[in-house]
Amino acid sequence: MARALENQNFQILSLLQPLLLILWYTFEILQLDSTFLNEDVSDWKSSDKYLAAITNIESLNAINDGAERGVKLSSDFLSASKSEGYYQDVLQVVGQDRRRQSNLRKRKQTSE
């Protein structure tokens with residue numbers, strides 16, 4: 001029984017370790033005071049350090065770089081294309097290239 005409990009604790013710790021590391025890096029990068037984490041959770045809402053950390057984290061802008069780059073590329077392309085025929089030609093070339101090269105991301109993952 002003790003062995004099973006020890007194994008279960010190890011599994012829980014192995015799942016939490018990456019999250020704790022991300023939390024630690026977040027506090028380090030943002031230079032947040034993490035001493036409120038030692039206090040009881042019910043006391044956090046009255047802690048100045050907790051409130052300062054929440055304020056700093058909520059003021060961050062979330063950015064989806066991949067989506068923003070795609071929108072920018074599309075808008076640049078659309079403004080550069082002179083006609084609908086040119087646009088359709090480019091779409092055909094892109095489609096042919098994708099069929100020819102299949103999915104490079106999947107190919108890269110399977111080769112490792």
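The values are calculated or read from the model by the stated rules, or taken from the named source; none is laboratory data. Because the structure is a prediction, the values reported are computed rather than measured. No Cβ is skipped: glycine too gets one built from the backbone with ideal geometry, and neighbour counts run over all protein chains shown.
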Residue check, residue 56 out of contact with any helix residue (DSSP H, G or I) (no Cβ under 6 Å at 6 or more places or on another chain), surrounded by 10 or more Cβ atoms within 10 Å (Cβ to Cβ) and of a type outside the set (Ser, Thr, Tyr): yes
Checking residue 97 against (1) charged (D, E, K, R); (2) assigned to a helix (DSSP H, G or I); (3) modelled with pLDDT under 75, the condition it does not meet: (3)
Residues that are among the charged types (D, E, K, R), within 27 Å of the chain's Cα centre (by Cα) and not in a helix (DSSP H, G or I), drawn from region 25-48: 33
Selection count, region 36-52, where residues are exposed (fewer than 13 other Cβ atoms within 10 Å of the Cβ) and touching a Lys or Arg at 6+ places or on another chain (Cβ under 7 Å): 0
Selection status of residue 9, farther than 30 Å from residue 94 by Cα, more than 24 Å from the chain's Cα centre (by Cα) and surrounded by 10 or more Cβ atoms within 10 Å (Cβ to Cβ): yes
Single residue of 33, 76 found to be modelled with pLDDT under 75, out of contact with any strand residue (DSSP E or B) (no Cβ under 8 Å at 6 or more places or on another chain), of a type in the set (Asp, Glu) and surrounded by 10 or more Cβ atoms within 10 Å (Cβ to Cβ): 76
